[in-house]
1. Quick check on the stretch 52-71: of everything there that is aliphatic (A, V, I, L, M) and out of contact with any Ser or Thr (no Cβ under 7 Å at 6 or more places or on another chain), which residue is nearest to Q97 (Cα to Cα)?
2. Being among the β-branched types (V, I, T) and either free of Cβ contacts under 8 Å to residues at least 60 places away in the same chain or more than 17 Å from I140 (Cα to Cα) (or both) narrows it down to one of V41, V83, so name that one.
3. Just one of (1) farther than 22 Å from K39 by Cα; (2) open to solvent by 40 Å² or more (accessible area, probe 1.4 Å); (3) among the hydrophobic types (A, V, I, L, M, F, W, C) trips up L108, so point out which.
4. Cβ-Cβ under 9 Å, sequence separation 6+ or interchain: first residue in the stretch 108-120 and under 12 Å from V137 (Cα atoms), partner polar (S, T, N, Q) and not in a loop (DSSP other than H, G, I, E, B). Which pairs?
5. Y40: more than 17 Å from D152 (Cβ to Cβ) and open to solvent by 30 Å² or more (accessible area, probe 1.4 Å), yes or no?
6. Among the residues of the stretch 20-61, what is the count of those that are among the acidic types (D, E) and either at pLDDT below 95 or in contact with a Pro (Cβ under 6 Å, 6 or more places away or on another chain) (or both)?
7. Read through the list (1) touching a strand residue (DSSP E or B) at 6+ places or on another chain (Cβ under 6 Å); (2) open to solvent by 10 Å² or more (accessible area, probe 1.4 Å); (3) free of Cβ contacts under 8 Å to residues at least 24 places away in the same chain, then give the number of the only condition that Y58 fails.
8. Could you check the stretch 12-31 and list, in sequence order, the residues that are open to solvent by 80 Å² or more (accessible area, probe 1.4 Å) and either part of a strand (DSSP E or B) or closer than 17 Å to G53 by Cβ (or both)?
Amino acid sequence: MSLVSVMGIDPTAVADTPEFQLGQLGAIIDDTNGTRIFKYVQYDAGSVAAVSGNVAYYYTLDGYKLNQVTSDLSDSVEIGAGVLQSAPTDGQYAWIQIKGPATLNTALTAGADGDPLTPTGSSDGTLDVSASATDNVCAIAGDISDKEIICDFPM
């Protein structure tokens, strides 16, 4: 299997109509951050507005196959989708970061450097330390004090 992605995307762009195929992958490679992979999705606000740098989760049961995300943990199935790169409103299209180093806007709810992270047990827009083998682990805590994680969200 080969991975083909759009290079040089603007991960902070937001659109009212899709500018890429939903689920399209994009990549940015630079000397400072290395390789970061992004995914094009549609945002569903639920009762939580999007905030750049917060975590998004797949929206309800069909969120993954429909590429719909939300930061409202109660409207998700607790599967991490990625880190928002912008603040789309309800129904808008945007990029989320799914692989590589990222800095969160909101501090993690618990944990130490190197811990596996999951949406389970966290609050809206962030992650918590995995406490069970059945948790969806989607990131690794990097430097907790600087809100840095290593993204490993599902493609």
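1. Going residue by residue through the stretch 52-71, those that are aliphatic (A, V, I, L, M) are 55-56, 61, 66, 69.
From what's left, out of contact with any Ser or Thr (no Cβ under 7 Å at 6 or more places or on another chain): 61, 66, 69.
Working: L61: 21, L66: 17, V69: 12 Å.
Across the stretch 52-71, the extreme among qualifying residues is V69.
2. V41
3. Checking L108 against (1) farther than 22 Å from K39 by Cα; (2) open to solvent by 40 Å² or more (accessible area, probe 1.4 Å); (3) among the hydrophobic types (A, V, I, L, M, F, W, C), the one that fails is (2).
4. P119/S76
5. Values: more than 17 Å from D152 (Cβ to Cβ): yes; open to solvent by 30 Å² or more (accessible area, probe 1.4 Å): no.
Spelling it out, it is not the case that Y40 is more than 17 Å from D152 (Cβ to Cβ) and open to solvent by 30 Å² or more (accessible area, probe 1.4 Å).
6. Qualifying residue count, the stretch 20-61: 2.
7. Tallying (1) touching a strand residue (DSSP E or B) at 6+ places or on another chain (Cβ under 6 Å); (2) open to solvent by 10 Å² or more (accessible area, probe 1.4 Å); (3) free of Cβ contacts under 8 Å to residues at least 24 places away in the same chain, Y58 fails exactly one: (2).
8. In the first step, residues of the stretch 12-31 are kept if they are open to solvent by 80 Å² or more (accessible area, probe 1.4 Å); the result is 12, 16-17, 19, 21, 29, 31.
Once the filter is applied, which keeps residues that are open to solvent by 80 Å² or more (accessible area, probe 1.4 Å) and either part of a strand (DSSP E or B) or closer than 17 Å to G53 by Cβ (or both), the stretch 12-31 yields T12, I29.
The values are calculated or read from the model by the stated rules, or taken from the named source; none is laboratory data. Since this is a predicted model, take the numbers as computed values, not measurements. Cβ coordinates were reconstructed from backbone atoms using ideal geometry, including for glycine residues, and neighbour counts include every protein chain displayed. To get the accessible areas, we keep the full protein, side chains included, count just its heavy atoms, and leave off ligands, DNA and RNA. Shrake-Rupley method; radii C 1.70, N 1.55, O 1.52, S 1.80 Å.
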